[in-house]
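Chemist: Shown below is the structure under consideration.
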Amino acid sequence: MNFPKSRSKLMLAAVVLAGALSACALKQNSYLLATPDQPKDQAGHQAKPGWATQGFSVAAAHPLATDAGYQVLKAGGSAIDAAIAVQMVLTLVEPQSSGIGGGAFVLHHDGKKVEAYDGREVAPSAATDKLFLDTQGKPLPFMEAVLSGLSVGVPGTLSVLETAHKEHGKLPWATLMQPAIQLAEQGFKISPRLHQALLAENDLINDAVAASYFYDAQRKPHPVGYVLKNPELAAVLRDIANRGSLALKQGAVAQALVQKVRQHPTKPGSMTLQDLAQYKVIKREPLCFDHVVQTTSKGFQICGFPPPSSGALAIGQILGILNNTPAGKMPLQQGLPASEWLHFYTEAARLAFADRAQFVGDPDFVKAPSGNWKSMLHPTYLQQRSRLIGEQSMKVAKAGNPAEFKTAYAPMPHQDEFGTSHISVIDQYGNSVAMTTTIEAVFGSRLMVNTGQGRQGGFLLNNELTDFSFAPSDAKGLPIANRVEAGKRPRSSMSPTLVFEKDTGQLKMTGGSPGGAVIIHYTGKLLIGTLQWGLNTQQAINLPNFGSLNGPTVLEEKRFPEQTLKALQARGHEVREMPLPSGLQAIEVTPKGFFGGADPRREGVVMGPKP
């Protein structure tokens, strides 16, 4: 357990917090969890005002999770303390997106330096590149792989938060578990978004533990507003409060986790207790790059996560390519991105996603082009790539050749990606966090861990290994960089982002989003909206979503005028309108404090002291 340096002052804060927690057992409207109004139906947009705060600010995907972070900050906690409390509550109230059975990337800034904590899931030691091949050597159907023990990676979320807490925490670790323990024991009201996810779900009910928890006796999802209690998770969190990440590495919970994976009825996985015990958090060098806004000549440093994330690389390539086109100076037209700008953006996206498929994988297994991932962001290379953009869409781009790098890898075929949640925090001490966290698909592998002590509930396991390429090589036998290998971390699109003023080094913004591969476009939209178009975080988040994964041009349905679609089609784009439910959270620094935005497509909020 990590105790703060200024022990007396901060222990007093912890005592105040713990005392409030004790009072919670007696009083429903407690200090720690002043329950906000339940979120409204998320089937469509719910207008959000943006939130001006001062002193500190926290943004998360569910009001109860945001409130837990707020109360921790109010009691003197640090940004990482708040992120821990938020994540534990999200495990309970947003189980479809993230939790202790998954993984996370944590970017932390202490006012001087940015640190990148890699808590990505890992392939078990017995995994091979044939993990997702059938008996004929062909890739399994995607959902067949997801709904199996094969898809579960060794979880890293708890370990990465524990590691960051040892270096940057102020309140005791055990204290940070209390909001989630209280909610798990007393219950929380099922939100419209969770209810809708359950209504749309067909496979979760096949897991006996999950079925008894999420569904009634008629096998129907519990309704909106139903008070759901999770005594099993409360017991697990108490164990975590006492033993930290060891609770998921040895003992009853670890044994139940391994048993769940290995005893899958149709496709058991190979995970062992030793795999759990050997999990290591990796501190990586953050991927930072300079970006100059063409319209103002103002410079920024944008810091994101390096491989195994592809997010910061792809975003950096898109921004750099756009700066070599007229799009770098194009304003919004009538409050929307114009068709010409969308043409340039989606062409830049195709180029970036082609490189992503060719080069990016776990850096402990895959060499960067020319030995340096920043070769993919070199101004000369991005200028060369930008020249490939013409008046008509290229439809599908081919990978480039950064620094004349000769690769031995084949490009990875397209595969579905899902999931995640994002947390942004700025504390009163000058620390900031951007953390993106996931169990991959909605409800992950649909496997719920319970220790069998007669308590209802538990926590869900990830299906993160389906982020690897199912096919280990191409038709010519060339290996794919993101193929399955023992001890390897699958490529990710998670894009936690910190932005700094180039001339002063001061923090400008923390942000990120869930959304699978489209995370890259959601986060890119946030950056372009705020830095180039001069919008505040909420206005930028509100903009319609758009992008391309090196195929069709995708636009958020019913958000663009018909003339925009027709103009893109005239340029050769295959345009598809579809739901693009981002979950952006962002906090920007203002002269008076902070201004936070939360996505109107989901139920997140921002909290902090009012100015």
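The values are calculated or read from the model by the stated rules, or taken from the named source; none is laboratory data. Please read these numbers as outputs of a predicted model, since none were measured by experiment. With ideal geometry, Cβ positions are generated from the backbone for all residues, glycine too; neighbour counts draw on all protein chains shown.
Residue-by-condition table, conditions (1) more than 24 Å from the chain's Cα centre (by Cα); (2) hydrophobic (A, V, I, L, M, F, W, C):
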residue	(1), (2)
A184	no, yes
A197	no, yes
V209	yes, yes
G225	yes, no
I240	no, yes
G244	no, no
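Chemist: Tell me, which residue of segment 563-611 that is of a type in the set (S, T, N, Q) and surrounded by fewer than 19 Cβ atoms within 10 Å (Cβ to Cβ) is nearest to Y70 (Cα to Cα)?
Modeler: Filtering first and then ranking leaves T590.
Chemist: Among the listed residues K220, K280, which satisfies the condition of being closer than 24 Å to G156 by Cβ, charged (D, E, K, R), loosely packed, with under 14 Cβ neighbours inside 10 Å and out of contact with any Phe, Trp or Tyr (no Cβ under 9 Å at 6 or more places or on another chain)?
Modeler: Details: K220 fails: closer than 24 Å to G156 by Cβ.
The unique qualifying residue is K280.
Chemist: May I ask you to verify whether V152 is in a loop (DSSP other than H, G, I, E, B) and crowded, with 18+ Cβ neighbours inside 10 Å? Can you show your working first?
Modeler: Working: in a loop (DSSP other than H, G, I, E, B): yes; crowded, with 18+ Cβ neighbours inside 10 Å: yes.
Yes, satisfied.
Chemist: Here are some residues: G547, G511, G515. Which one is more than 17 Å from Y345 (Cα to Cα) and in contact with a strand residue (DSSP E or B) (Cβ under 7 Å, 6 or more places away or on another chain)?
Modeler: Within the list G547, G511, G515, the selection yields G511.
Chemist: Follow-up. Quick one: how many residues across segment 361-376 are in a helix (DSSP H, G or I) and either buried (at least 20 other Cβ atoms within 10 Å of the Cβ) or of a type in the set (D, E) (or both)?
Modeler: Looking only at that region, the number is 3.
Chemist: So, one more: Any residue at all in segment 430-446 that is over 24 Å from the mean Cα position of the chain (by Cα) and part of a loop (DSSP other than H, G, I, E, B)?
Modeler: Taking every residue of segment 430-446 in turn, none turns out to be over 24 Å from the mean Cα position of the chain (by Cα) and part of a loop (DSSP other than H, G, I, E, B).
For every residue, the table says whether it meets (1) buried (at least 24 other Cβ atoms within 10 Å of the Cβ); (2) assigned to a helix (DSSP H, G or I); (3) small (G, A, S); (4) modelled with pLDDT of 95 or more.
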site: A59; (1), (2), (3), (4): yes, no, yes, yes
site: T66; (1), (2), (3), (4): yes, yes, no, yes
site: Y70; (1), (2), (3), (4): yes, yes, no, yes
site: G76; (1), (2), (3), (4): no, no, yes, yes
site: I80; (1), (2), (3), (4): yes, yes, no, yes
site: I84; (1), (2), (3), (4): yes, yes, no, yes
site: V89; (1), (2), (3), (4): yes, yes, no, yes
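Chemist: Would you tally the residues in segment 199-213 being touching a helix residue (DSSP H, G or I) at 6+ places or on another chain (Cβ under 6 Å) and not β-branched (V, I, T)?
Modeler: Filtering segment 199-213 down to residues touching a helix residue (DSSP H, G or I) at 6+ places or on another chain (Cβ under 6 Å) leaves 204-205, 210-211.
Filter once more, so that each one left must be not β-branched (V, I, T): 204, 210-211.
Residues meeting the conditions: 3.
Chemist: If only one of S386, S432 is among the hydroxyl-bearing types (S, T, Y), modelled with pLDDT of 95 or more and farther than 24 Å from Y117 by Cα, which one is it?
Modeler: One residue alone meets the criteria, S386.
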